[in-house]
Ligand SMILES: Nc1nc2c(ncn2[C@@H]2O[C@H](COP(=O)(O)OP(=O)(O)OP(=O)(O)O)[C@@H](O)[C@H]2O)c(=O)[nH]1
Ligand SMILES: [Mg+2]
C-alpha cells in the first residue's frame, strides 16, 4: 500500500453509559452494522473495532460495552475492556444522551476522564428526542479535560458530518494500521455470533437476552453459500422452552433474522442451524466464559 506523507490514522474509543447509542454511532459512521444494537442496556459485550477508511484517513473506532456495577464476573470483564480501551487512544469520545444528563453514571465516567491525558470530546446524542437542548447548559457540567462538545443524533444522522470534522482533527499523521478494505479486525464467525445474539436481544424481554451466550461450532464457506452451526446457551430449562417457542416459532424467528442479516452482510446465501443448550450460571464460570469468548 503506498501512502502519502499526509495520511492520518489513529484510534478513537467511544465510552459511556449503556443504551446511549455508542454502537449506533459507530455503525452510522461506518455505514455498516459492525456492532449490534438494541433498546436494552448492555447489548455490547466486547470492545469492537470498526475501521473507517477515507482516501486520506483511516480511523479505528472502538465501541465499548457500557458497563453497570460489576455484579457478575461478566461485568468485571466488561470493566476491564472499558479501562483497556482508554490506553493509547488518540481520542476518547464520551457519549451520553441529552435527556437526563448528567446522570449519576455520567458523573462517575467524567470523574475518571478528568485524570486521563488523552484528548476528549463530549458527544450528546439523541438530539432528535430533545430538539430544544442547549449545548451551553450541557457543557457546564463537563470537566476541563473535555475540550470540545457537540449534539448529534446517531439515529437520524444529524450533525454527524460536523462530528467527523472534529474527530479528524485529533487523528495524527500515521500510516494506516489495517488494510484499506477492512471494516473490522474481527473474524466473520464473530459477526455470526453477534447477529444471533442481536436477534435474541430484540425478540425477547428482560431475562433471556442476558442469560444468552452464543457459540459458533461451524462456519463453512462453500462455493454458493455459508453454512453456520450455532449453539445458543441459556441458564435454565424454562428459558430454553420460551426461546424455542410454540412449535419452534421463537427459534425460527431467530434463524430467519440471522440468515437475512448475515446474507446481506456477507453478500451470499447463509444457512443457519441453531441448537439450544442449558448451562446453569455460565456467566459465573471462568472456564465457560473463556469458552464463550470472554477471554481478554
Ligand atoms: N431516538 C434515538 N434513539 C437512538 C439514537 N441513537 C441510538 N438510539 C437508540 O438507543 C438504543 C441503544 O442504542 P445502542 O447503540 O445499542 O446503545 P449502546 O450505547 O451501544 O448500548 P450498550 O451496548 O448497551 O452499552 C437503541 O434502541 C437505538 O436505536 C438517537 O440518536 N436517537
Ligand atoms: Mg453497544
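FYI, it's all coordinate maths here, none of it is from the lab. Just so you know, these numbers come straight off a predicted model, no measurement behind them. Don't worry about glycine lacking a Cβ; one is built from the backbone with ideal geometry, like all the others, and counts go over all protein chains shown.
Would you please report the Å³ per residue occupied by the convex hull of the alpha carbon atoms in region 193-236?
Each residue corresponds to 66 Å³ of Cα convex hull volume.
For region 116-155, what does the alpha-carbon gyration tensor say about shape, rounded, prolate or oblate, given a ≥ b ≥ c as the root eigenvalues, a/c under 1.5 as rounded, and a/b over b/c as prolate?
Oblate, since a/c reaches 1.5 and b/c is not below a/b.
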In degrees, nearest 10, range 0 to 90: what is the angle between the Cα axis of helix 104-113 and the longest Cα principal axis of the chain? 60
In whole angstrom, how long is each semi-axis of the equivalent ellipsoid of region 206-262, when you take the square root of 5 times every eigenvalue of its Cα gyration tensor and sort them from largest down? 24, 13, 9
State, in angstrom, two size descriptors of the chain derived from its alpha carbons: Rg to one decimal place and Dmax to the nearest whole number. 19.8, 61
The Kirkwood hydrodynamic radius of region 188-291, taken as the inverse of the mean 1/r over all distinct Cα pairs, in Å, comes to 13.9
Which ordering of 226, 278 is given by a fewest-first count of other beta-carbon atoms within 10 Å? 278, 226
With N set to the residue count of region 137-244, report its C-alpha Rg divided by 2.2 N^0.38 Å to two decimal places. 1.60
At 222 nm, what value in deg cm²/dmol follows for the chain if DSSP H runs of at least 4 each add -39500 (n - 2.57) and the sum is divided by all its residues, to the nearest 500? -10000 deg cm²/dmol
Between the helical axis of 188-203 and the dominant principal axis of the chain, each derived from Cα atoms, what acute angle in degrees is found, rounded to the nearest 10? 80
Could I have the simple spin-label model distance between residue 84 and residue 205, label points 7 Å from Cα toward Cβ, reported in nm to one decimal? 3.6
Coordinate range along principal axes, alpha carbons of region 232-272, Å, largest first: 36, 20, 11
What percentage of all Cα-Cα pairs in region 8-170 are separated by more than 23 Å? 31
Report, in degrees rounded to the nearest 10, the 0 to 90 angle that the Cα long axis of helix 249-266 makes with the longest principal axis of the chain. 50
Taking neighbour Cβ counts within 10 Å as the exposure measure, how do 266, 234 sort from fewest upward? 266, 234
